[in-house]
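Please read the structure below before turning to the comments.
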Amino acid sequence: MARAAKSALVLCMDVGFSMSNSEPGQEPSFEQAKKVIQKFVQRQVFAENKDEVGLVLFGTDGTKNGLAKDGQYENITVHRHLMMPDFELLEEIESELQPGGQQADWLDALVVCMDLLQKETMGKKFERLNIVLLTDLNVQTSADQLDVIIDSLKKAGITLQFFLPFPVDGEDRADGGGDGPGPSAAPARPGKGLSRQQTQGLEMVKNIMTSLEEEDSLEEVYTFSDALQKLSIFKRIDRRPMAWPCQLTIGSSLTIRIVGYKAVTEEKVKKSWAIVEAQSHQRDDVKRETVYCLDDDNETEVQKDDTIQGFRYGSDIVPFSKVDEDQMKYKSDGKCFSVLGFTKQELIRRHQFMGSQVVKVFAPRDDEHAAVALSALIRALDSLKMAAIVRYAYDRRSNPQVGAAFPCIKEKYECLLYVQLPFMEDLRQFTFPVLENNKKFTPSASQLSAVDALIDSMMLVEKDEDGESVDVFKVNHFPNPQFQRLFQCLHHRGVNPDDPLPPVEPWLKRDLERPQAVSARCQTALQDVKTKFPLKVVVKKKEQKTSADVFGSSADEPDAKKVKVDEETEFNLAEIAKGNITSRIDAFAYALLTAPAHNVLHQSGNAELFNSYMQSLKRSVPDRNLQEFWDLLIQDALTLISKDEVDGSTFSKQDANQFLAFEQKEEVQAAPVQEDTGDVDDLLDMM
Amino acid sequence: MAEWREYYQNEDDEVEEDEEDSGGAYKISGRDSLVFLVDASKEMFIKGEDGGPSNFDMTMQCVRSVYTSKIISSDKDLVALVFYGTEKSKNPRNSFKHVYVYHDLDSPGAKHVQDIDKLQGEKGAQLAEKTMGSGETSLGEALWCCSNLYSDIKLRLSHKRLMIFTCRDDPHGGDSAKDRQARTKAADLKETGVVIDLMHLTKPEGFDVSLFFCDIVSPPEDESELGLQTEPCRKLEDLQKRVRAKELKKRAQSRLTFSLGEGVNLAVGVYVLARTATKPPAVRLYRDTNEPVRTKTRYFHAHNGGILLPNDMKRSQVYGKKQIVMEKDEVDEIKKFDDPGLVLMGFKPMERLKLHHHIRPALFIYPEEEQILGSSCMFTTLLLKCSEKNLFALCRYIPRRNTPPRFVALVPQREELDQSQTQATPPGFRVIFLPFADDIRTVDAHVGPTASDEQVDKMKEIVHKLRFKYRSDAFENPMLQQHYRNLEALALDMLAPEPIEDLTMPKVQMMDDRLGPLVQEFKDLVYPPDYNPEGKPAAKRKPAESGGGGAEKKPKVEMSEEELKNHVEKGTLGKLTVPVLKDACRQFGIRTTGTKKQELIDALTMQFSK
């Protein structure tokens, strides 16, 4: 949940000629900055938030802005006024954003942006105003207006972010607030190879940033490569989580006012795919119809109105109307955060965390008494290493949870962290065989030391020059590749409707691999492990579970009914059509064995395919020992798909009905089992 | 299964994580079955020490809890209840003497539970005496009868288990012919894949497993497994725990390759040891007969009425005014990054695993020796070393095809046994899902005053009074319990459902009693006398002045016209809270059209921008 408050943001990009320069082997700053903007706008478009974005370019050949007068503010172009980013903007960036041949003062550009923000947010409500400057600072600037600019930035509550080709202060911000780039991310050291203007500009950037914010000001200065890798940098304009005001209670008379916020939760893709007709691309052309039918031979259809709701209770099916259900169901008495008791933190195991979120609990902003009371609880719990077990209900309609509230004390603030814990019904007590003390699996001393060495060579936390440990693989700073990839494909398809989908971007792939340095470092240890631990693939079950497993090719297979299809194997028709033979057999065997799947085939128009397969299967029953399998089909009355069922079929209902029965007669006179060396695969080749 | 269903029903939903036990699995791999073979001899009915429940009572409670949990969690499983050593006989062909089949192998329903309730307690003992009685014992006959129960089932059975509940270690009293017959029949059963467990109960002289039962029960699945427990169960809790540990067949959600690096691959099974149990979906029934109906979903063309096949449909999303169209395959392909599996990235110290980095319930992995020989040894070594060095392994995890990756922390967990030598935590790695940057919200911390040592110490006393030992299985889900009680009541034509005990409710009375005057003392330390935390927040409150706890309630801070004008000019009225805006309107006598924030702002803007 998020408040509807929106942000306004102006992207201000330097397109001046120096941006096109680059060191050999490096991408020009212009290209890098353009990518950052592209990625960012892409995210904004597809995340569909209400934030408004403007685009100002400076160093352009032309001039187009509200302040240009008397030769001032020249070569600055307001490319796009403040509005919600859309596909058009994406396309414009792609095709129209070109390097310019001029240079312009980035401070002037900043003023244009401020003007734009102030004029265009007038009368509208924005939670945040932000300007993002992308420049190489390689231009003469007049610093005389600096103080005035800083002043008006402050007054208007505008925040700034800088994106530069080089880090602002390499050493200092290695891992300051946790957002610093990894050691490898910085392409150039500051001070080295910087022009006089750049050095000067850098000083001004520092000056502005430190005067704008009290601390960590330089955290908002990034390098282009940072930005590309970690778009999470744009957090600043993310939507705020919704406040959940409630009362923490201990017993009947101790109440502390609190406010909860979702702090961590699995972000899902928000938009779903609609089904459209393949030619017209119209949603309305597709009608979806659900019919109810009895589970009898004729699949007699019944009206929805003639059905009632029921539930299974073990072997019983209990009619239970929606009305009755609502009346009898468990009712919670509204939102609550009630302490049930306190327990040692060590009794709550990390793996017992349930649900999909962590809630941060504070005292309300305006209530300092509540803050003191909550602080007392947080500090008491922290010093006792305990946590509160609470009953949590979000509101009257939601089901109560039992969860733990852990104390969390940070330098700047303190809060409770609430996590849901399991109910008895959620747990499964499986017992697993012993691993340690099992003679078969006990590692030798040399094996132990090999793994020891491997672990040491693969540590993702390294010591930097100051002896501080640095995490080189912070996954919580990576953007979810699923979104990146989806946005990339949507973008691509939107711009090039007829092209196939693009490959996954290299940087995204790289994020999913072991860091190169670690990879290189562990080679020796890995080789050692490889030789010390014999690992032998027994049988690739999934791959070999084809003819033999499904059709019981060996005569002594005790029970051909034990057809096992791995639960995890996914089937889909497209895969069947184009996929490898193995999955086809699996899928068909599976389809044959399950009536619902049979129904799917009925609908899916693969009737032809299915029928021809069935016929070939039938032909091969005698010489392939498939009788038991065939019996199963008879038992489940799985037969050819007839015309009555699917238009495309060439078989009548009668054909279909006789198909299995006839087989039974035929089977009696079937030839004795022939020597067969062929694979079942070949009988499927026709499909 | 999931894919088919998903395709036709939840067109746009993401694949659910927990589909592995959604009934579909049963259709493919057969059903689990469990036979309770219970001794009904006189000895079983002897009251426990201090008038505690008899062994028979304990057994019945245990069976009941298995029945109800099967109804809730795996209603397709088959369960049977058979008594031996009875006077009367009742079995399908009535060919076995002194064997009473109380419930044939079937999925348990409300009636079954009710039947068992009838056998509990004093009255239950009387009923048992009347209907079955206690008589001669022949375990061989009983086992034979049970093997017929299994073979009479037409369904595919995937897992067959038989549990013997008895307190007699020498059931045939030295009759070697009967002993021999029992051993033969037990061997026959085991031959057909039935696993036989002994749930032996306490008796005065102690239960000697080696006398007879050691030859009856199945050898442990694994030579190193604890297998036959020599100590009999004294307490119901132990018995339930022991039964529960055996009763569920563990199923891997998937089997995956765990790659440590180029060429070093082991096989692991992924298990779900905790997942949110939800109310099962409703089924539609035909009004006239109460039989379940099936649904068929079809797509057809709105204009010509023709059936639409998958190829006739595409997927589309609209952004702005731009429609983007893809094939269903492409939509799937977008989610594909790599083949399913776990890939090791490296290691980190445990303290790098943050408490608040939680997005999903954890999974559990255990080596699969059957797929890659040597997996167990490699896995064990890794487990030992990670545990010793207090590290977790960071991996990339792709659970199935066309599923995007997640990073997970593999946290080592060594085996722990409880007092009764039952496994409390299994050996293996816990799989903790880690958040991506997108999953972490920006929360602006509320910074307020902090508590003094005196205030903290008072709270410590309160915490101390209310401490307890948390157990993860201590709380039942009241919503689910109520749902099943309702169904039970309807199924059994009861007038009203049995009341549930809502364990999630705070025991307020008890807490108040324990805390005594502490609450007031704490409140005196932190709250001024006029402060009411239960009331709606009024205007801003200032903290208690130093020394005098009773700071007077300050009058509302009124906003000057100047300030308001300033806000209007700058368009920053939105930064003020609704109560402040309301007050301002009241103060200047401005009439508003409503009390929504925007309405208040509009009214104020109108007034002051004139």
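The values are calculated or read from the model by the stated rules, or taken from the named source; none is laboratory data. Predicted model only: the values in this text are computed from it and were never measured. Because the Cβ atoms are built from the backbone with ideal geometry, glycine has one as well, and the counts that use them run over all protein chains shown.
Residue by residue, here is whether (1) touching a Leu at 6+ places or on another chain (Cβ under 8 Å); (2) part of a loop (DSSP other than H, G, I, E, B); (3) within 17 Å of A:ILE455 (Cβ to Cβ) holds:
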{"position": "B:SER376", "(1), (2), (3)": "yes, no, no"}
{"position": "B:LEU384", "(1), (2), (3)": "yes, no, yes"}
{"position": "B:ARG396", "(1), (2), (3)": "yes, no, no"}
{"position": "B:PRO435", "(1), (2), (3)": "no, yes, no"}
{"position": "B:MET459", "(1), (2), (3)": "yes, no, no"}
Residues of the range B:377-395 that turn out to be facing chain A (nearest Cβ under 7 Å) and farther than 14 Å from B:PRO427 by Cα, as a count: 3
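Hey, among the residues in the range A:287-319 that are among the β-branched types (Val, Ile, Thr) and within 7 Å of chain B (Cβ to nearest Cβ), which one's surrounded by the most Cβ atoms within 10 Å (Cβ to Cβ)?
The initial filter retains those residues of the range A:287-319 that are among the β-branched types (Val, Ile, Thr), namely A:290-291, A:300, A:302, A:307-308, A:317-318.
Still in the running and within 7 Å of chain B (Cβ to nearest Cβ): A:290-291, A:302, A:307-308, A:317-318.
Numbers: A:THR290: 11, A:VAL291: 15, A:VAL302: 17, A:THR307: 18, A:ILE308: 18, A:ILE317: 18, A:VAL318: 22.
Top of the filtered list is A:VAL318.
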Selection from the range B:468-513 of residues that are more than 18 Å from A:ALA404 (Cβ to Cβ) and aromatic (Phe, Trp, Tyr): B:TYR484
Subset of the range B:250-267 (residues that are in a strand (DSSP E or B) and of a type outside the set (Ser, Thr, Tyr)): B:ARG255, B:LEU256, B:PHE258, B:LEU260, B:GLY261, B:VAL264, B:ASN265, B:LEU266, B:ALA267
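B:LEU355 - would you say it is among the aliphatic types (A, V, I, L, M), part of a loop (DSSP other than H, G, I, E, B) and out of contact with any His (no Cβ under 8 Å at 6 or more places or on another chain)? Give the derivation first.
Values: among the aliphatic types (A, V, I, L, M): yes; part of a loop (DSSP other than H, G, I, E, B): yes; out of contact with any His (no Cβ under 8 Å at 6 or more places or on another chain): yes.
Answer is yes for this residue.
In the range A:356-375, how many are in contact (Cβ under 8 Å) with a residue 60 or more places away in the chain and either part of a helix (DSSP H, G or I) or more than 7 Å from chain B (Cβ to nearest Cβ) (or both)?
Total satisfying the criteria: 6.
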Of all residues in the range B:382-413 being within 23 Å of A:GLU436 (Cβ to Cβ) and not hydrophobic (A, V, I, L, M, F, W, C), the one that is surrounded by the most Cβ atoms within 10 Å (Cβ to Cβ): B:LYS385
Residues located in the range A:419-431, provided they are at the interface with chain B (Cβ under 7 Å from one of its Cβ atoms) and not acidic (Asp, Glu): A:VAL419, A:LEU421, A:PRO422, A:PHE423, A:MET424, A:LEU427, A:ARG428, A:GLN429, A:PHE430, A:THR431
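Within the range A:256-296, count every residue that is part of a loop (DSSP other than H, G, I, E, B), farther than 20 Å from B:VAL331 by Cα and under 31 Å from the mean Cα position of the chain (by Cα).
The number of residues fulfilling the criteria is 2.
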Breaking point among (1) more than 7 Å from every other protein chain (Cβ to nearest Cβ); (2) in contact with a Pro (Cβ under 8 Å, 6 or more places away or on another chain); (3) in a loop (DSSP other than H, G, I, E, B), for A:LEU416: (3)
Count - residues of the range A:242-255 that are at the interface with chain B (Cβ under 7 Å from one of its Cβ atoms), outside any loop (DSSP other than H, G, I, E, B) and buried (at least 18 other Cβ atoms within 10 Å of the Cβ): 3
Some residue of the range A:429-452 being in a helix (DSSP H, G or I), surrounded by fewer than 20 Cβ atoms within 10 Å (Cβ to Cβ), at pLDDT below 85 and not aliphatic (A, V, I, L, M): yes
Criterion violated by A:LEU501 - all others in (1) in a loop (DSSP other than H, G, I, E, B); (2) more than 7 Å from every other protein chain (Cβ to nearest Cβ); (3) within 26 Å of the chain's Cα centre (by Cα) satisfied: (2)
Residue selected from the range A:320-329 under the condition assigned to a loop (DSSP other than H, G, I, E, B) and surrounded by fewer than 18 Cβ atoms within 10 Å (Cβ to Cβ), by the criterion farthest from the other protein chains (Cβ to nearest Cβ): A:SER321
Conditions (1) within 16 Å of A:PHE126 (Cβ to Cβ); (2) assigned to a helix (DSSP H, G or I): number failed by A:VAL53: (2)
Within the range B:168-182, tally of residues that are part of a loop (DSSP other than H, G, I, E, B) and either surrounded by 14 or more Cβ atoms within 10 Å (Cβ to Cβ) or charged (D, E, K, R) (or both): 6
Residue in the range B:285-321 that is nearest to A:ASN298 (Cα to Cα), counting only those that are in a helix (DSSP H, G or I) and not polar (S, T, N, Q): B:PRO310
Among (1) closer than 23 Å to A:THR431 by Cα; (2) within 28 Å of the chain's Cα centre (by Cα); (3) surrounded by fewer than 22 Cβ atoms within 10 Å (Cβ to Cβ); (4) at the interface with chain A (Cβ under 7 Å from one of its Cβ atoms), the one test that B:GLY374 misses: (2)
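Could you tell me how many of the residues in the range A:210-255 are modelled with pLDDT of 85 or more and in contact with a Leu (Cβ under 6 Å, 6 or more places away or on another chain)?
Summing the residues that are modelled with pLDDT of 85 or more and in contact with a Leu (Cβ under 6 Å, 6 or more places away or on another chain) in the range A:210-255 gives 1.
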Within the range A:376-404, tally of residues that are at the interface with chain B (Cβ under 7 Å from one of its Cβ atoms), among the charged types (D, E, K, R) and assigned to a helix (DSSP H, G or I): 1
Any hit, the range B:510-517, residues being in contact with a helix residue (DSSP H, G or I) (Cβ under 6 Å, 6 or more places away or on another chain), surrounded by fewer than 18 Cβ atoms within 10 Å (Cβ to Cβ) and assigned to a helix (DSSP H, G or I): yes
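So, A:GLU346, is that one under 30 Å from B:ASN290 (Cβ atoms) and out of contact with any Leu (no Cβ under 9 Å at 6 or more places or on another chain) or not?
In short, no.
Might you let me know whether the range B:447-457 holds any residue that is buried (at least 18 other Cβ atoms within 10 Å of the Cβ), in contact (Cβ under 8 Å) with a residue 40 or more places away in the chain, over 17 Å from the mean Cα position of the chain (by Cα) and within 30 Å of A:GLU368 (Cα to Cα)?
Looking for residues that are buried (at least 18 other Cβ atoms within 10 Å of the Cβ), in contact (Cβ under 8 Å) with a residue 40 or more places away in the chain, over 17 Å from the mean Cα position of the chain (by Cα) and within 30 Å of A:GLU368 (Cα to Cα), one finds at least one in the range B:447-457, hence yes.
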